[in-house]
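Structure provided below as structure tokens; questions to follow.
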Amino acid sequence: MHFWFNDEHEMLRNVVREFSEKEIRPKIRELDEKEEFDREILDKMAEMGFLGVCIPARYGGAGMDYIALGIVSEMLEWGDTAFRETISVHVALNSLAILQWGTEEQKQRWLVPQARGEKIACFGLTEPDAGSDVRNMRSRAVRKGDVYILNGEKMWITLADVADHFLVFAKTDPEAGHRGISAFLLERGMKGLKTGTIHGKMGARASNTGFIVMEDVEVPVENRLGEEGEGFKIAMSALDNGRYTVAAGATGVIRACLEESIAYAKQRVAFGRPIAEYQLVQQMIANMQQRLDIATLLTYRAGWMKNQGLRNTRETSLAKWYATEAAFASANEAIQIHGAYGYSNEYNVERYLRNAKGAVIYEGTSQIHTLLQAQYALGYRVDKPLRCELPPYDAEEWSREA
Ligand SMILES: Cc1cc2nc3c(=O)[nH]c(=O)nc-3n(C[C@H](O)[C@H](O)[C@H](O)COP(=O)(O)OP(=O)(O)OC[C@H]3O[C@@H](n4cnc5c(N)ncnc54)[C@H](O)[C@@H]3O)c2cc1C
């Protein structure tokens with residue numbers, strides 16, 4: 001057992017940090033203010049291979065492991081949440097779901113262009129009346145011969161108005177509860193498929209968040225991911241990967257709060273001394289350091305388990321719950337250390353607080369993760385093996401070209 005990253009991981013961390021420093025940080029205040037999604041940064045992320053970081057080379061990816069996925073998420077969110085959100089939906093929630101559940105034909109058709117960054121993908125689960133309670137979704141898919149007819153609306157969907165590919169969920173058997181949900185791969189341009197952007201978000205304002213409307217969209221049967229009725233399992237297994245990237249990203253927020261608070265506390269003088277010398281300020285710095293270490297350990301334990309092919313639903317949920325709450329608490333204290341300056345957008349820390357709030361809501365609210373952890377601890381919940389598990393990382397296999 002060891003607790004450190006290998007040389008490849010360290011190199012990747014430096015590369016992504018430099019990317020955030022050069023490409024994201026100089027632009028982010030303006031993007032945040034104007035609620036603008038920056039296509040140029042997305043294209044550069046694709047060029048860097050971030051959009052297929054942990055996808056095997058034979059499917060167009062960079063062939064790195066799941067720890068690398070965490071590092072890319074962490075260090076992009078060190079730049080800004082919006083860009084980690086892209087990784088969460090494009091790579092973790094959509095591409096990894098296809099890697100896990102897709103047929104070979106589906107991998108060639110959908111995964112390869114996504115991993116190369118030629119097509120952008122999103123994940124449409126939430127609806128206007130169904131967020132935490134996914135089973136309550138209203139979207140319907142009715143089979144007619146070789147096609148399904150999809151009707152319904154998805155809401156709060158990251159990249160909805162930017163994506164080319166959509167993984168959406170709809171009920172094929174409304175009487176069957178969560179066993180009546182199926183998953184479908186849709187693409188922009190299908191008749192009856194419309195998207196729009198939601199404006200006025202508190203944070204992650206440089207990300208695109210929107211809605212998807214499906215009006216009699218004809219979806220060929222070969223676009224169904226998994227078997228009919230497997231949609232709920234597919235969604236939950238995708239969330240195991242999405243939540244991992246959210247936890248890793250939150251770790252990046254804590255890191256940024258700590259670094260910027262230390263720098264500020266050392267140069268800001270009050271009552272004749274740098275504020276870093278006051279123990280009440282040191283308490284807040286120590287809190288952030290403690291949260292950074294705990295969040296890092298919880299997050300990368302989940303990543304390590306993914307590499308081994310071990311089921312990690314409980315560990316990922318715990319990492320996501322802890323790290324996102326810890327990021328919010330750290331941003332709050334970082335503002336406190338910066339005083340009035342922290343309350344203005346002259347510094348980054350007010351943006352960190354607004355951004356961090358979103359992550360305690362999406363991919364399972366803190367209340368949902370609290371319930372999950374209690375259920376595991378009490379023995380009320382025990383995970384059963386899935387028909388298709390996320391494939392364990394295999395360095396040789398992942399680097400093999402097509
Ligand atoms: C910026 C952003 C991006 C998003 N991106 C996506 C995306 O890409 N794809 C996607 O599908 N969704 C996305 N979402 C939606 C997100 O996943 C949902 O908002 C989230 O699941 C919560 O659902 P809800 O908002 O409907 O809240 P609700 O489920 O209505 O919950 C409201 C409140 O009730 C509490 N609550 C609910 N049930 C219980 C219970 N049983 N016990 C105790 N408390 C409970 C919740 O914790 C919460 O505090 C995004 C949301 C945001 C804000």
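Leaving ligands, DNA and RNA out of it, work out the accessible area of Lys320 with a 1.4 Å probe and give it in Å² to the nearest 10.
Rounded to the nearest 10, the figure is 0 Å².
Grab the Cα-Cα distance for Ile198 and Val221, subtract it from 0.36 nm times how many residues apart they are, and report the gain in nm with one decimal.
On the way: separation 23, 0.36 × 23 = 8.28 nm, distance 3.08 nm.
In short, 5.2 nm is gained.
Just flag the GluC sites (Glu not before Pro) in the stretch 175-255 sitting in loop per DSSP whose Cβ has no more than 16 other Cβ atoms within 10 Å. Please list the in-between numbers first.
Values: sites: Glu175, Glu187, Glu215, Glu218, Glu222, Glu227, Glu228, Glu230; in loops: Glu227, Glu228, Glu230.
Here the GluC sites (Glu not before Pro) that fit, given the DSSP loop and packing criteria, are Glu227.
Same structure, new question: What do you get for chymotrypsin sites (Phe, Trp or Tyr not before Pro) in the stretch 9-57 restricted to DSSP loop and a cutoff of at most 14 other Cβ within 10 Å of the site's Cβ? Each step should come with its number before you reach the end.
Numbers: sites: Phe19, Phe37, Phe50; in loops: Phe37.
When the chymotrypsin sites (Phe, Trp or Tyr not before Pro) of the stretch 9-57 are filtered for loop state and at most 14 Cβ neighbours within 10 Å, nothing remains.
Between the stretch 184-243 and the stretch 151-173, what is the separation of their alpha carbon centroids in Å?
Answer, in whole Å: 2.
I've got another one for you. Quick check: Cα centre of the stretch 88-127 to Cα centre of the stretch 260-274, how many Å?
46 Å
Okay, moving on. What lysines could a cross-link reach from Lys384, if we take a straight Cα to Cα line under 17 Å and drop same-chain neighbours fewer than 8 places away?
Candidates past the 8-residue exclusion: Lys233, Lys306.
What is the sum of charges, Lys and Arg at +1 and Asp and Glu at -1, for the other residues whose Cβ falls under 13 Å from the Cβ of Gly364?
Numbers: positive: Arg243, Arg314, Lys320; negative: Asp133, Asp240, Glu325, Glu363.
Counting the neighbours of Gly364, the net charge comes to -1.
Considering only protein heavy atoms and a probe of 1.4 Å, how much of the accessible area of the stretch 7-119 is carbon and sulfur, as a whole percent? Please report the intermediate quantities before stating the final value.
Values: 1770 of 3990 Å².
Solvent-exposed carbon and sulfur of the stretch 7-119 make up 44 percent of the total.
Continuing with the same structure: Running a GNM on the chain with Cα contacts under 10 Å, which residue among Asn307, Asn223, Asn345 ends up with the highest mean-square fluctuation?
Asn345
Around Val281, with a cut-off of 12 angstrom between Cβ atoms, what is the net charge of the other residues, counting Lys and Arg +1 and Asp and Glu -1?
Net of charged neighbours comes to +1.
To continue, here is another question. Can you tell me which lysines have their Cα less than 21 Å from the Cα of Lys357? Leave out same-chain residues fewer than eight positions away.
Cα-Cα hits under 21 Å: Lys34, Lys201, Lys320.
For the chain, list the DSSP H helices whose alpha carbon atoms reach 27 Å or more along the long axis and whose average Kyte-Doolittle value is 0.0 or above? The partial results should precede the final answer.
Values: long enough: 231-267 (54 Å, 0.26); 279-308 (43 Å, -0.30); 313-342 (41 Å, -0.24).
Answer set is 231-267.
While we're looking at this one, here's another question. Which of Gly200, Gly124, Gly358 ends up with the largest GNM mean-square fluctuation for the chain, with Cα atoms connected below 10 Å?
Maximum fluctuation in the GNM of the chain, among the listed residues, is at Gly200.
For the stretch 40-110, run through the GluC sites (Glu not before Pro) and keep only the ones in DSSP coil with at most 16 other Cβ atoms within 10 Å of their Cβ. It would help to have the intermediate numbers written out before the result.
On the way: sites: Glu40, Glu47, Glu74, Glu77, Glu85, Glu104, Glu105; in loops: none.
Passing both the DSSP loop test and the Cβ count: no residue.
Calculated FRET efficiency, Asp146 and Glu18, Cβ-Cβ r, R0 41 Å, to nearest 0.05? Present the calculation step by step, with values, prior to reporting the outcome.
Numbers: r = 49 Å, r/R0 = 1.20.
Computed FRET efficiency for Asp146 and Glu18 comes out at 0.25.
Report the Cα centroid-to-centroid distance between the stretch 39-77 and the stretch 352-402 in angstrom, as an integer.
If you average the Cα positions of each part, the centres end up 19 Å apart.
Determine the per residue accessible area of the chain with all protein chains present and a 1.4 angstrom probe, expressed in square angstrom.
Values: 17650 Å² over 402 residues.
Accessible surface, normalised per residue, equals 44 Å².
The values are calculated or read from the model by the stated rules, or taken from the named source; none is laboratory data. Note that this is a predicted model, so its numbers are computed, not measured. Here the Cβ is made from the backbone with ideal geometry for all residues, glycine too, and neighbour counts use every protein chain on show. In case anyone asks, the SASA skips ligands and DNA or RNA and just uses the protein heavy atoms, side chains included. Shrake-Rupley method; radii C 1.70, N 1.55, O 1.52, S 1.80 Å.
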